[in-house]
Amino acid sequence: MTTLTWAARGVAAVSGAVLAGALLAPAAFAHTGPDPKAPAKHSSGKKTPGKKAPAKKAPAKKTPVKQAPARPGLEEPQNVQLADGRCSTSRDISSAVVDYSGSGLFETVFRSATDNDGHAFLNDSRNPGVWINLGLVPGAPRCVYDTAVSVTEESPGHLYITLLAGDGTLHQAVCTSSAAAPFTPANLAAACTPGFTELADTPV
């Protein structure tokens, strides 16, 4: 009977010591579950052999946008020779006026102009609305890019018509101007005899 009593006392002492140790252990050792503050893990934690984690890509560098070089504010328009032989040009106009009050041509205005197809025309202000195609005058160039006119004061006097051709050459006609009659499609070629001639050594 004494033996059983000592055995019971021994078991109670051991149980008490174990319980006391559990109560005195730090909380870190007592907590055996996952840390609730730790980020959740989506994988099982097992590493797959042969596979590496994808490398982080460096941020892409932005390539600066290339801008076209600045063009001059004004560009000289160019003639364009079309496949069918026609040409395309910018429009141009020029004028000259007789300002000598003693002339029968006083305040007569001569105007020259081109259209988009490279044709050149002449207008005499005494014949409003009539534009004479300068192609009627022998030697007139095709594909006219620019025109210029100047006039002398007398009657009869002279009207100088200069045309800039698409190839860069200048052509001039000297036409007799008279107070007796304005220029018309019927009399212009005769008034401008012998017609247009190319000016020598045109800088092209």
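Stretching the chain fully between Ser94 and Ala186 yields a gain of 30.9 nm (0.36 nm per residue, less the alpha carbon separation). Radius of gyration over Kirkwood radius for the stretch 125-186, both on Cα atoms: the Rg/Rh ratio is 0.98. Residues whose amide H lies under 5 Å from that of Cys87, counting only those 5 or more places away or on a different chain, are Leu82; hydrogens are built 1.01 Å from N in the peptide plane.
For the stretch 139-186, the solvent-accessible area works out to 43 Å² per residue, with a probe of 1.4 Å and every protein chain left in place.
Loop-resident chymotrypsin sites (Phe, Trp or Tyr not before Pro) (DSSP state other than H, G, I, E or B) in the stretch 94-168 with no more than 16 further Cβ atoms inside 10 Å of their Cβ: Tyr100, Phe106.
The values are calculated or read from the model by the stated rules, or taken from the named source; none is laboratory data. Computed from a predicted structure; not experimentally measured. Don't worry about glycine lacking a Cβ; one is built from the backbone with ideal geometry, like all the others, and counts go over all protein chains shown. For the accessible areas, the whole protein counts, side chains as well, though only heavy atoms, and no ligand, DNA or RNA atoms are used. Shrake-Rupley method; radii C 1.70, N 1.55, O 1.52, S 1.80 Å.
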